[in-house]
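The values are calculated or read from the model by the stated rules, or taken from the named source; none is laboratory data. The structure presented is a predicted model; accordingly, all values stated were derived computationally and were not measured. Methodologically, a virtual Cβ is constructed for each residue, glycine included, from the backbone with ideal geometry; neighbour enumeration extends over all protein chains shown. Ligands, DNA and RNA are stripped out before the accessible areas are found, and what is left, the full protein with its side chains, is counted by its heavy atoms. Shrake-Rupley method; radii C 1.70, N 1.55, O 1.52, S 1.80 Å.
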Amino acid sequence: MSATDRPPRALARAGAVLEIDLAAIAENWRRIAARLGPRTRCAAVVKADAYGLGMARVAPHLTGAGCTLFFVATIDEGIALRRYLPDVEIAVLDGLLPGTGGEFRRANLIPVLNALDEIAAWRNGAGTRGLPAMIHVDTGMSRLGLTRQDLAVIARSPEMLAGLTLRAILSHLACAEDAAHPHNAAQLSSFRAALAQLPPAPAGLAAGSGVFLGADYHFDFVRPGAALYGVNPLASGPNPMAQVIRLKGRILQVRDVDRGETVGYGAAHRMDRPGRIATVAVGYADGWLRSASHRGSAGIAGRRVPLVGRISMDLMTFDVTGIDPALARAGSFLDLIDDSHGVDAVAAAAGTIGYEILTALGRRYHRLYRGEAG
Ligand SMILES: *Cc1c(COP(=O)(O)O)cnc(C)c1O
């Protein structure tokens, strides 16, 4: 770089910079695939814009790692993904909304059928062509999927599935991040009972956390999401996944604040000594949840500085007393998410889970994708 090089203008204007490491996402996919037997396929869940990280960049990169089966939540997400990936299998977890069958067929999307009337509606469109479908059975979430009563109806009238090509039968675990939870084994045995009542088809029970429950839970395919993006799939213990994102927030101003002065809305933080406050250009409108007020922290120069006062829409304030003013100065950055303080740590300070931190990541961040070639 010559001395006259300037960062791109958008970067110069950015109040925060979000780095997304595509190579780390592919690495996480491979780490999960490596835990599976040779006959278990590793899919990828890219719903909610790949958990906020950008499906358009993430999904094609995962095909490079070997992924050929993708799950999205909505038909719109499926239609968008189809434009980037003409050849992969795309399944839509929310299922078939009335009147959308034609769009499913045109975009070559597979509905995950969650109820008997969805099965009937998809079959009506299928004619004799054997349209692909997946079936979701509920084994203990009471959220989506066929109930035990629905399964009994199908067992009595197997023609209800005639004309469909069953690409998968799946269910979803409620407590998989806690390996000791008895609900896991209960769901596993309900899932086996459901499979026995349905025609043979590739079976899938585990999302990311379920993979770590062991081979009994792997069946024919697994569908990790958050773990690919660096969230710890285990409720306790070290994170087996690679960190994927880094977020730097720009300091707009640093000011000396006297003892007794207050910081931010509600005058909710009062200085108990003279100090220095750095104001950073990130707020709850950027997904920096207001529940992290008074509790969050950031990194600078190898140290952690506390978030003080309430998080505002566009700004938040850190106590940088004692940090070298040459580093904590207007225009420089604080590390809001980095390798030593990842999404799970940020989530803990906000009283939530890494999933919510990722999917809330702001639209105002300047995004830099790394590791494209890997
Ligand atoms: C979101 C979702 C997944 C992915 O779950 P993660 O916990 O992110 O791995 C898998 N299956 C279903 C049905 C889901 O809704």
Run A194 past the list (1) closer than 30 Å to P158 by Cβ; (2) more than 31 Å from the chain's Cα centre (by Cα) and report the number of the one that doesn't hold.
(2)
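Based on what the data block shows, is S209 at negative phi, at pLDDT below 95 and not acidic (D, E)? Quick ask: steps written out before the conclusion?
Values: at negative phi: yes; at pLDDT below 95: no; not acidic (D, E): yes.
No: the conditions fail for S209.
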Go through the range 74-95 and count every residue that is open to solvent by less than 20 Å² (accessible area, probe 1.4 Å) and within 16 Å of the ligand (Cβ to nearest atom).
6
Restricting attention to the range 221-236, does a residue exist that is at pLDDT below 95 and either away from the ligand (no atom under 13 Å from the Cβ) or surrounded by 20 or more Cβ atoms within 10 Å (Cβ to Cβ) (or both)?
yes
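Test of understanding: among G283, G342, G362, which residue is surrounded by 20 or more Cβ atoms within 10 Å (Cβ to Cβ) and farther than 29 Å from S236 by Cβ?
On the way: G342 fails: farther than 29 Å from S236 by Cβ; G362 fails: surrounded by 20 or more Cβ atoms within 10 Å (Cβ to Cβ).
So the residue among G283, G342, G362 that is surrounded by 20 or more Cβ atoms within 10 Å (Cβ to Cβ) and farther than 29 Å from S236 by Cβ is G283.
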Are any of the residues in the range 90-97 within 19 Å of the chain's Cα centre (by Cα) and not aliphatic (A, V, I, L, M)?
yes
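Answer yes if at least one residue in the range 149-165 is part of a helix (DSSP H, G or I) and within 16 Å of the ligand (Cβ to nearest atom), and no otherwise. If you could, list the steps in order and put the result at the bottom.
So in the range 149-165, the residues part of a helix (DSSP H, G or I) come out as 149-156, 158-161.
From what's left, within 16 Å of the ligand (Cβ to nearest atom): none.
Within the range 149-165 (the criterion being part of a helix (DSSP H, G or I) and within 16 Å of the ligand (Cβ to nearest atom)), the answer is no, since none of the residues qualifies.
Conditions (1) within 11 Å of the ligand (Cβ to nearest atom); (2) under 14 Å from M134 (Cα atoms); (3) open to solvent by 10 Å² or more (accessible area, probe 1.4 Å); (4) in a helix (DSSP H, G or I), marked per residue:
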residue: A179; (1), (2), (3), (4): no, no, yes, no
residue: H183; (1), (2), (3), (4): no, no, yes, yes
residue: A186; (1), (2), (3), (4): no, no, yes, yes
residue: S189; (1), (2), (3), (4): no, no, yes, yes
residue: S209; (1), (2), (3), (4): yes, no, yes, yes
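Among the candidates V320, V263, V282, which residue alone is touching a residue at least 12 places away in the same chain (Cβ under 8 Å), under 30 Å from V46 (Cβ atoms) and among the hydrophobic types (A, V, I, L, M, F, W, C)? Reasoning before the result, please.
Details: V320 fails: under 30 Å from V46 (Cβ atoms); V263 fails: under 30 Å from V46 (Cβ atoms).
Just a single option satisfies the conditions, and that option is V282.
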Given the criteria open to solvent by 20 Å² or more (accessible area, probe 1.4 Å) and either farther than 19 Å from V46 by Cβ or among the hydroxyl-bearing types (S, T, Y) (or both), does R123 qualify?
yes
Among (1) free of Cβ contacts under 8 Å to residues at least 24 places away in the same chain; (2) in a strand (DSSP E or B); (3) closer than 30 Å to R57 by Cα, which single condition is P306 missing?
(3)
